[in-house]
Amino acid sequence: MSSSSGRVWITGIGVITAAGTGLDAFRAGLRAGRSPVKRIDRFDPSPFRSQVAAQVDDFDPLAWMPPKVARQLDRFSQFGLVAGQLALTDAGLVPGEGGGASPERIGIYLGSALGGIAYAEEQHERFMAKGIRHVAPNLALAVFGGAAPANLGIALDVRGPILSTANSCASGAVAIGEALGAIRAGEIDSAIAGGVEIPLSPLAFGAFDIIRALSSHSNDDAAHACRPFDARRDGFVMGEGAALLVLESDEIVRARGIEPYAEVMGYGATSDAHHMVQPRADGREAARAATIALAQAVVSPEEIDYVSAHASSTTIGDVAEARAIALALGAVVAAEVPVSGTKAMYGHPLGASGAIEAAICALAIRDGWVPASVNLDEPDPEIAAILPCLLREGRPGTYRRILSTSFGFGGLNASLVFGASGR
């Protein structure tokens with residue numbers, strides 16, 4: 001049975017990023033417009049070309065959960081648990097109470113490119129050094145992508161479907177899109193949806209370094225390593241983080257009498273079928289994902305007030321994305337619409353990125369302010385010719401319709417359209 005109105009709202013946001021943990025700190029980090037990227041101190045980065053990352057250094061699991069729970073969970077599940085709890089608290093949602101969806105009608109949709117790989121790497125080192133008896137007994141229960149949403153479901157007693165998406169750097173956006181579809185189809189009434197990524201371990205980090213995907217020219221100037229759309233960009237800067245959103249059907253929102261942040265209006269996904277690392281240079285399939293999302297949202301390109309770009313700061317990717325935006329919106333709209341890439345403020349947490357950017361879009365609609373492309377000192381001339389309104393400073397305004405783009409290795413593309421409530 002489908003949702004009668006088909007409208008799905010964002011009512012709660014939980015974030016853990018290098019820009020800040022929790023909404024107040026995250027908002028402040030975006031407004032400050034500074035990059036937290038620094039030399040890695042989780043492990044010795046000296047063997048690698050790239051030696052910088054966006055670490056979440058202020059996360060203490062004992063501040064959020066009992067010691068026993070903290071010991072049972074790896075960092076991947078800890079982040080998922082805390083982000084989910086923050087989102088529910090922000091939404092004022094207690095499952096089954098106050099008009100909220102029952103536990104059986106709430107799903108969890110969580111994207112992650114690598115899941116618990118960092119913990120697996122740590123335990124492999126123990127295995128090699130001391131043997132199997134020294135490996136943590138929770139290893140088999142921690143490494144798979146469904147571990148974080150399963151642990152969150154157990155903690156919250158949420159019994160709807162759990163879906164773990166592993167669509168590389170589009171995972172978080174795909175999770176939100178799939179949750180949107182499930183609510184619209186009437187399979188569930190509410191969802192906790194987004195992404196979690198914990199990729200900062202030597203092997204996981206090194207795997208991206210050896211394919212030269214990471215920035216390596218700013219090890220001595222880490223704060224300027226991530227440069228979305230800038231002429232001097234030379235690769236992405238890895239980060240860790242999480243963002244989970246509470247999505248609720250229109251009926252539930254009305255029953256609870258709450259004011260949502262924004263509506264999730266449309267979702268589109270495509271694949272390039274081209275190359276495992278390089279996107280299609282013409283941006284054709286990435287553009288088609290955006291076109292599908294716009295059509296599902298019943299929003300015309302002219303109605304888009306802001307584009308939250310994936311903008312990972314790679315040489316090829318940023319240009320391909322500019323072309324994709326112009327194809328999806330048309331050259332005239334692309335020449336006028338404000339665009340920013342925000343990853344300099346929290347790095348690139350792979351599968352969590354699209355969810356973090358969804359949170360930014362929801363806040364932009366609620367707060368009437370969009371963030372800048374930090375470190376955009378010298379816009380790439382080719383990109384600037386296509387997208388002349390790249391934001392170099394935060395901009396206040398009315399943002400009623402927003403397009404967000406996410407792209408991942410393997411040519412996996414996803415787009416989301418968000419809208420103001422008008423309630």
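The values are calculated or read from the model by the stated rules, or taken from the named source; none is laboratory data. Computed from a predicted structure; not experimentally measured. In this analysis, Cβ positions are derived from the backbone assuming ideal geometry, glycine residues included, and neighbour counts consider all displayed protein chains. To get the accessible areas, we keep the full protein, side chains included, count just its heavy atoms, and leave off ligands, DNA and RNA. Shrake-Rupley method; radii C 1.70, N 1.55, O 1.52, S 1.80 Å.
With all protein chains present, how much of the accessible area of the stretch 1-100 (probe radius 1.4 Å) comes from carbon and sulfur, to the nearest whole percent?
Accessible surface attributable to carbon and sulfur in the stretch 1-100 totals 51 percent.
At q = 0.24, 0.25, 0.34 Å⁻¹, what is the log10 ratio I(q)/I(0) for the stretch 377-417, with the Debye formula run over Cα points and no solvent?
So the normalised log intensities are -1.03, -1.03, -1.02.
How many nm separate the modelled label positions at Arg159 and Arg71, each set 7 Å beyond the Cα in the direction of the Cβ?
3.0 nm
Per residue, what accessible area does the stretch 83-225 have, given a 1.4 Å probe and all protein chains present, in Å²?
41 Å²
Would any residue of the stretch 16-57 have its amide N under 14 Å from a label point 7 Å out along Cα→Cβ of Ala223? List them or say none.
32-39
Under 5 Å between amide H atoms, partner at least 5 residues away or on a different chain: which partners does Arg395 have, H built in plane at 1.01 Å?
Here the answer is Val370, since their amide H atoms fall under 5 Å of that of Arg395.
When the helix-only estimate is applied to the chain (DSSP H runs of n ≥ 4, each -39,500 (n - 2.57), divided by the residue count), what is the mean residue ellipticity at 222 nm, nearest 500 deg cm²/dmol?
After summing the helix terms and dividing by the residues of the chain, the value is -10000 deg cm²/dmol.
Would you mind working out the magnitude of the charge dipole of the chain relative to its Cα centre, with +1 at each Lys and Arg C-beta and -1 at each Asp and Glu C-beta, to the nearest 20 Debye?
Dipole magnitude for the chain comes out near 400 debye.
Could you compute the FRET efficiency for Leu62 and Ala295, with r as their C-beta to C-beta distance and R0 at 45 Å, rounded to 0.05?
Calculated value: 0.45.
Treating the beta-carbon of each Lys and Arg as +1 and of each Asp and Glu as -1, no other charges, what is the dipole magnitude of the stretch 299-423 about its Cα centre, to the nearest 20 debye?
440 debye
Work out, step by step, the length gained on full extension between Leu141 and Phe127: first 0.36 nm times the residue separation, then minus their alpha carbon distance; give nm to one decimal.
Length gained between Leu141 and Phe127: 3.4 nm.
Report the extension gain between Met276 and Thr315 in nm, rounded to one decimal, defined as 0.36 nm multiplied by the number of residues separating them, less their alpha carbon distance.
12.5 nm
Using only the Cα atoms, what convex hull volume per residue in Å³ does the chain have?
125 Å³
Once Lys and Arg get +1 and Asp and Glu get -1 on their Cβ, which of Leu294, Leu203, Ser271 lies farthest toward the positive end of the dipole of the chain?
Final value for the positive-end residue is Leu203.
Using the Kyte-Doolittle scale, find the helices of the chain whose mean hydropathy is at least -1.0 and whose Cα atoms extend 18 Å or more along the helix's long axis, counting only whole DSSP H runs.
Taking the DSSP H segments of the chain (at least 18 Å long, mean hydropathy at least -1.0), we get 75-91, 117-130, 171-184, 284-297, 315-329, 353-367.
Averaged per residue, what accessible area in Å² does the stretch 319-379 show with a 1.4 Å probe, protein chains only?
20 Å²
With a 1.4 Å probe and all protein chains left in place, how much of the accessible area of the stretch 218-331 comes from carbon and sulfur atoms, in whole percent?
54 percent
Residue-wise, which Karplus ³J(HN,Hα) couplings in Hz belong to the stretch 252-266, taking 6.51 cos²θ - 1.76 cosθ + 1.60, θ = phi - 60°, and x for glycine or proline?
Per-residue couplings from phi come out as 5, 4, 5, 5, 7, x, 10, 9, x, 6, 6, 9, 8, 9, x Hz.
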